[in-house]
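Have a look at the structure below before the remarks.
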Amino acid sequence: MKNIKLPTILSILFISFFMITNKASAQKIDNDRKWWKEAVVYQIYPRSFKDSDGDGVGDLKGIISKLDYIKSLGIDVVWLNPIFGSPNDDNGYDISDYRGIMKEFGTMKDFDALLKGMHERKIKMVLDLVVNHSSDEHKWFQESRKSRDNPYRNYYHWWDAERGKPAHRFSFFDVDGSAWKYDSTTNAYYLHYFSRKQPDLNWENPKLRKEIFDMMNFWFKKGVDGFRMDVISAISKDTTFPELPAKYHGDFVAYYADGPHLHEYLKEMNKEALSKYYVMSVAEGLGVTTETAHNFVDPDRKELNMLYHFEGMGIGYLPGQFKHMDPNGYSLLEFKNVYTKWDSVFAKKGWGTVYLGNHDQPRMLTRWGNDAPKYREASSKMLTTFLMTMRATPYYYFGDELGMSNIKFDRIEDYKDIETINMYEKTKNENGDLDYFLQGQKISARDNGRTPFQWDDSKNAGFSNATPWLKVNPNYKKVNVAAEEKDPNSILNYFKKMVKLRKALPELVYGKYELLDKENKTVYAYTRTLDNKKVLVVLNFSKMPTTFDMPKNIGTAGQVLINNLKEITLQKRAIKLQPYQALVIRLN
Ligand code: TEU
């Protein structure tokens, strides 16, 4: 003992203290560590991923043939948009057979092979649960509409016409805007929040609920690892169908998400299906607010794991104009505010999600970044950096890892999406400005995010030998997997690096988020801190160079963990940022 000097003793003490605190806090994370919190989810729109049988439509065998590519991304979970039997009025969101595979996509044998292939590669599979509505071609609806006393009548919402017209309900996809459709066979109206071919299921009926839970168990027994739940917030309705309460005027979506028995049904779903397996569940939180979010995801309520909110997706629209974005872009201050607010919602309890695009949205590069040739690479990478450094599970949309961008169709004939086509018809019927409408769709239409995946520079981007169901973006000659795999600095390789970094640093998953320089209009900067580990994320959201001054109280800059450009200029505490530069820096 006498040979050991005081500084050595101090450092031993220091190291053991460090180990104890580290262990204690590691345990703290352990308590509520979950695989789905640490996962990166990769969303695949099967219709547009890879066509194996030459009909111009992507399919399950196509996905199987690309499993090694999916694995190479380093992601953990694949969410597949609906793959079930469907007449495709809304690309599979109108299901006619919940236990069968859509003919164009393949067979149950293909599905089993796909699931096996994913599991062999340690990738989990999440399916889409579409149970607010079915297809009107589902056997239940075919029966239900036959007569008022059919055993399936109560599987849907009917309003007998002799009661007069039902109170108005808004439909997302109807050309007339009404969610009630008159059906002469039984002289009654049925409810459809989406298209006429998507009648809403009646969750009040315990038999219907049992059918749904049995169906979920059917897929879980096959080994499926979870569900993304389509408009699940809308399943419970006040079946007296009163006039829309005044509180919801101008915000019918909030009303749809505020059904009287919603949380009873979710608890029942948890008990009868979800709780029996170690699976994940994520609600499409249409109409869910920061006040109501906890009701879905707090663990002690035993409902769902996560939800994704729509507040971020609402940024940048012109006021009062559904689906027309402000040509001057969006406000980064608002963007920061929304994501910071949603981080704080789950700071103590529950867990969030983060996404910048999906099959219902335009491409993230066009909408949130800059798809001009000069900026597309930097801004794609910058947005990926944002998604991979937030305290929330990232849901990353296929093709964004290549920097795919909006196709911006000029003609209505090029669109295939029921939403665009019906809104166009509606605008026409109302003598609206069709050119203005089409102009708006170039930015906001859902088909922008649904064009075929770009594999290489061969015909149809290597997606299909036949004419694809939706046109391929002409930029595929340059923007494609084959080219980007070869280029170490590609958007694709940056995405892989970013996924690796997130997986390597627990502070990027669990660490506390603190916004810096809140009023900065072009730079989004924050720190992520877990115990004694801290990183700084600095993102230049603009095409102008700028300087970011590191606040004194956050520590000093250490290793640069990621940089989406070649250079970094750091003078004392001033970081010079090039257009769309993104940095993750270790703080000491
Ligand atoms: O989306 C729900 C939804 O509200 C969308 O209609 C959204 O408002 C719209 O896409 C914005 O443009 C889910 C699915 O994600 C979507 O693909 C389906 O069309 C819809 O439900 C009906 O199932």
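Using DSSP to call loops (not H, G, I, E or B), can you name the trypsin sites (Lys or Arg not before Pro) in the stretch 291-336 whose Cβ has at most 13 other Cβ atoms within 10 angstrom?
Working: sites: 301, 302, 323, 336; in loops: 302, 323.
Filter output for the stretch 291-336: 302.
Could you tell me whether the stretch 144-265 comes out rounded, prolate or oblate from its Cα gyration tensor? Rule is a ≥ b ≥ c as square roots of the eigenvalues, rounded for a/c under 1.5, then prolate if a/b exceeds b/c, otherwise oblate.
On the way: a/c = 1.92, a/b = 1.31, b/c = 1.47.
Oblate, since a/c reaches 1.5 and b/c is not below a/b.
Modelled label positions at residue 248 and residue 271, each set 7 Å beyond Cα in the direction of Cβ, lie 2.6 nm from each other. Pairs from the list 181/210; 207/237; 139/207; 116/221; 139/222; 374/566 with a Cα-Cα gap above 18 Å: 181/210; 139/222. With everything on Cα atoms, drop me the angle between helix 6-32 and the longest principal axis of the chain, reported from 0 to 90° to the nearest 10. Helix 6-32 and the main axis of the chain meet at about 0 degrees. If I model a spin label at residue 333 and residue 311 as a point 7 Å from the Cα along the Cα→Cβ vector, what separation in nanometres do I get? With each label placed 7 Å out from Cα toward Cβ, I get 1.7 nm.
Please state the shape class of the stretch 226-317: rounded when a/c is under 1.5, otherwise prolate if a/b exceeds b/c and oblate if not, all from the C-alpha gyration tensor.
Values: a/c = 2.42, a/b = 1.41, b/c = 1.71.
In terms of gyration-tensor shape, oblate.
Charges were assigned to the Cβ only: +1 to each Lys and Arg, -1 to each Asp and Glu. The resulting dipole of the stretch 115-213 about its Cα centre is roughly 400 debye. The phi torsions of the stretch 334-342, fed into the Karplus equation with coefficients 6.51, -1.76 and 1.60 and a -60° offset, translate into couplings of 5, 4, 4, 4, 5, 6, 6, 4, 5 Hz, rounded to whole numbers, with Gly and Pro shown as x. Subtracting the Cα-Cα distance of residue 372 and residue 442 from 0.36 nm times their residue separation leaves 23.7 nm of extension gain.
Cα centroid distance between the stretch 405-461 and the stretch 495-534, in Å? Their Cα centres are 36 Å away from one another. Modelled label positions at residue 457 and residue 518, each set 7 Å beyond Cα in the direction of Cβ, lie 5.0 nm from each other.
Prolate is the label for the stretch 277-321, because a/c, from the alpha-carbon gyration tensor with a ≥ b ≥ c as root eigenvalues, is 1.5 or above and a/b exceeds b/c. Tell me which of 375, 293, 421 sits at the most positive position along the dipole axis of the chain, charges placed on C-beta atoms (Lys, Arg +1; Asp, Glu -1). Selected residue: 375.
Here residue 459 is the anchor, and the aspartates and glutamates within straight C-alpha reach of less than 15 Å, apart from those fewer than 8 places off in the same chain, are 51, 55. Taking each DSSP H run with n ≥ 4 as -39500 (n - 2.57) and averaging over every residue of the chain yields -9000 deg cm²/dmol at 222 nm. For the chain, the share of DSSP beta bridges that are antiparallel, to the nearest 5, is 65%. Put simply, the amide H of residue 577, placed in the peptide plane, has neighbours under 5 Å in 546, 547, 548, leaving out anything fewer than 5 places away on its chain.
With both bridge residues required to lie in the stretch 175-283, what share of the DSSP beta bridges run antiparallel, to the nearest 5%?
Numbers: 4 of 8 bridges.
Here the antiparallel bridges make up roughly 50 percent for the stretch 175-283.
With q set to 0.17, 0.26 Å⁻¹, the log10 of I(q)/I(0) for the stretch 139-191, from the Debye formula over equal scatterers at the Cα positions, is -0.52, -1.02.
So for the chain, averaging the separation of alpha carbon pairs under 8 Å that are six or more residues apart and normalising by length, what relative contact order in percent results? About 12 percent, as a whole number.
Can you figure out the FRET efficiency of residue 139 with residue 321, using R₀ = 45 Å and their beta-carbon distance, to the nearest 0.05? Provide the component values of the computation, followed by the final result.
Values: r = 40 Å, r/R0 = 0.89.
The formula returns an efficiency of 0.65 here.
Please compute the length gained on full extension between residue 168 and residue 97, using 0.36 nm multiplied by the number of residues separating them and subtracting their Cα-Cα distance.
22.6 nm is the gain from fully extending residue 168 to residue 97.
Taking the Cα centre of the stretch 461-588 as the origin, how large is its charge dipole in debye, to the nearest 20, when only Lys and Arg (+1) and Asp and Glu (-1) carry charge on their Cβ atoms?
80 debye
Ordering 98, 52, 113 by the projection of their Cα atoms onto the charge dipole of the chain, which places +1 on the Cβ of Lys and Arg and -1 on the Cβ of Asp and Glu, puts 113 at the extreme positive end. In terms of packing, defined here as the mean over residues of other Cβ atoms within 10 angstrom, the peptides 377-384, 495-502, 98-105, 455-462 line up highest first as 377-384, 495-502, 98-105, 455-462. Once the C-beta distance of residue 146 and residue 217 is scaled by a Förster radius of 41 Å, the resulting FRET efficiency is 0.90 to the nearest 0.05. What residues of the stretch 554-587 lie in the reach of a label at residue 487, counting those whose backbone N is under 18 Å from a point 7 Å from the Cα along Cα→Cβ? Correct set: 563-567, 579-582. For the cross-link pairs 323/408; 124/267; 50/103; 348/496, the ones whose C-alpha atoms lie over 18 Å apart are 124/267; 348/496.
Taking 0.36 nm per residue of separation and subtracting the Cα-Cα distance, what length does fully extending residue 210 through residue 572 add?
Fully extending the segment from residue 210 to residue 572 adds 123.9 nm.
If you take the alpha carbon atoms of the chain and fit the smallest convex hull around them, that volume is 172 Å³ per residue. Using the Cβ-Cβ distance between residue 500 and residue 120 with R0 = 25 Å, the FRET efficiency computed as 1/(1 + (r/R0)^6) comes to roughly 0.75.
Since every read-out is calculated from the coordinates, none of them should be taken as a lab result. Computed from a prediction, not measured in an experiment: that's the story for all the values here. All Cβ positions, even for glycine, are placed from backbone atoms using ideal geometry, and neighbour counts span all protein chains on display.
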